């Protein structure tokens, strides 16, 4: 069996495992979708479509380096799907992505981080992203983990949004235990640019959820929202630092963090806002506490048991 | 008798919010609970639902002592409550919320419930029950949820507050419909036109139900005596005089 066959077999295994996890693997089979599939430190597939170039390779040091380039003006009809998977129980995966969305282009990229058998897996992801003038880039990172809690996730992204550009980022935990999360995103916005960063995580057991997200509103009329929703139970802990800087006239920023604590969980939320221009406006709201009493009583008054009511409230928050 | 409160006492922060509460709700009736602000009407309603515990006394529902049951257990026995200020829910749609009340109901029944409260199903079913809905809209959804649940006893805490005057008659119609579907209804209200749809009415004063009679008679006492009482601080002697 040559290397191509081995890679193909691994690709099929990855797609099969993904389907077995209850997810739709169509994008990884359909030619209409641009895809990138990685298992461990092997690039199994890399395929662009019209308007989008994708190239990925494994460097000598084992790091995956991916380049995604969306041509100026290209409107990519179907979301681009990227699968960063690791089927073995242990290992380290380090990915560095360079994403360049050309002026006026529009694209959505969904990154499926898939570690279904993980006992001790570390996933390090570095993203260097440029969103061109009047371009639109939606980035969704979805995590599928084992229930062991043995996954360490370290996503780091540095984003530059040019004039009139829009960047939306969503980080969600779709299945399994979070493990340890150390998220670090920062975005610099030029004139009329927009950024939204949304993180939703449910920490259980002894999970650790740490996040630091920064939006710098450097351009006139730029707007940014950082929204974090964390639910923690058992002995899970979190520390969330959300920073917004208003550095230009009429720039508007908002930080919104809600954390629900159950059992012995502990959380710290640090919303940090600053302005260096008198016509900038940045605001924040943060709340940490147990499940809202009135919500709980309302659902219980409709006949839900307390545990089910709590679960529904938490799932709603993370939806 | 559907529900009976016997010598109910509710204390909070060292204060007696409800005291010497004795009240009966008959099966199949619409019963209005009236009284000035601070009379203890909502507190009594919360005590029936199990949201606030009784310090002493008991609540009997269909012959069973439910004083120490949880909110869920009371709901499963057929008691529910619609809040004066309904809760907001992030990430829960109107449809999901309504399905909690009766998960066996068909899609058509869910739509019908929204129609009953004059909310267009196509516009509302998928909307989040959060910040984007006004207080009035959430209130209507709360009533739709009661309609779907078909409880044995629906406690409606000021179903007319936050709703415009024209819609009051829609709410009155809905309460009659809920009642005609087999639910007894306890309405807490300040409005005479709302109290008048009841079969019987109870006036509360300083934490105590002091008289139960026809809505007309109770409204008259409320109008004539409680208003003047409200101008002063009400005291126990007023309660005794009124009673």
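Each value in this text was obtained by applying a stated rule to the coordinates, not by laboratory testing. Treat the numbers as computed from the prediction; the structure is a model and nothing was measured. Here the Cβ positions follow ideal geometry from the backbone for every residue, glycine too, while neighbour counts run over all protein chains shown.
Angle of helix B:135-149 to the longest C-alpha principal axis of chain B, folded into 0 to 90 degrees and rounded to 10: 90°. Summarising the label geometry, the points placed 7 Å from Cα in the beta-carbon direction at residue A:29 and residue A:156 lie 3.8 nm from one another.
Among B:71, B:141, B:92, the largest mean-square fluctuation in a Gaussian network model of chain B, built with springs joining Cα atoms closer than 10 Å, belongs to B:92.
Among A:265-275, A:238-248, A:126-136, the peptide with the highest mean count of other Cβ atoms within 10 Å heads the list, and the full ranking is A:238-248, A:126-136, A:265-275. When only alpha carbons are used to place a centre, the stretch A:173-215 and the stretch A:53-96 end up 19 Å from one another. A compact globular protein would have a Cα radius of gyration near 2.2 N^0.38 Å; the ratio found for chain A is 1.03. Just check the stretch B:1-91 against the gyration tensor rule for me: Cα atoms, a ≥ b ≥ c as the square roots of the eigenvalues, rounded for a/c under 1.5, and otherwise prolate or oblate depending on whether a/b exceeds b/c. Rounded. For residue B:104 and residue A:287, the FRET efficiency from 1/(1 + (r/R0)^6), where r spans their Cβ atoms and R0 equals 30 Å, is about 0.25. Gain on full extension, evaluated as 0.36 nm per residue between residue B:134 and residue B:213 minus their Cα-Cα distance, stands at 24.8 nm.
Here the calculated FRET efficiency for residue B:170 and residue B:73, from their Cβ-Cβ distance with R0 = 25 Å, stands at 0.15, rounded to the nearest 0.05.
If the segment from residue A:138 to residue A:174 were pulled out straight at 0.36 nm per residue, it would be longer than the present Cα-Cα gap by 11.2 nm. Pull out a ≥ b ≥ c, the square roots of the eigenvalues of the alpha-carbon gyration tensor of the stretch A:240-305, then state rounded if a/c is under 1.5, prolate if not and a/b is larger than b/c, and oblate in the remaining case. Oblate. Cβ crowding within 10 Å, taken as a proxy for footprinting-reagent exposure, orders A:291, A:159 from fewest neighbours to most as A:291, A:159.
Averaged over the residues of peptide A:288-301, the number of Cβ atoms from other protein chains lying within 10 Å of each residue's Cβ is 6.
Against chain B, whose longest principal axis is taken from its Cα atoms, helix B:107-116 shows a tilt of about 50°.
Between residue A:120 and residue A:308, the modelled labels are 4.2 nm apart [label points 7 Å from Cα along Cα→Cβ].
The mean number of Cβ atoms from other chains found within 10 Å of a Cβ in peptide B:86-94 is 6, as a whole number. Segment residue B:220..residue B:150, full-extension length gain: 22.0 nm, with 0.36 nm per residue of separation and the alpha-carbon distance subtracted. For helix B:165-180, report the angle its Cα long axis makes with the longest principal axis of the Cα atoms of chain B; keep it between 0 and 90° and round to the nearest 10°. Once rounded, the angle reads 90 degrees. The helix-only estimate of mean residue ellipticity at 222 nm for chain B, built from DSSP H runs of length n ≥ 4 each weighted as -39500 (n - 2.57), is -10500 deg cm²/dmol after division by the residue total. Only helical runs count toward this figure. For chain A, summing -39,500 (n - 2.57) over DSSP H runs of n ≥ 4 and dividing by all residues gives -4000 deg cm²/dmol at 222 nm.
Taking the fewest neighbouring Cβ atoms within 10 Å as the starting point, the ordered list for A:213, A:65 is A:65, A:213. Taking other C-beta atoms within 10 Å as the exposure proxy, B:164, B:13, B:7 rank B:13, B:164, B:7 from fewest upward. Structure remark: mean-square fluctuation, Gaussian network model of chain A, C-alpha springs under 10 Å; the largest value among A:227, A:200, A:294 belongs to A:294. The label point for residue A:274 and the one for residue A:63, both projected 7 Å from the Cα toward the Cβ, are 2.8 nm apart.
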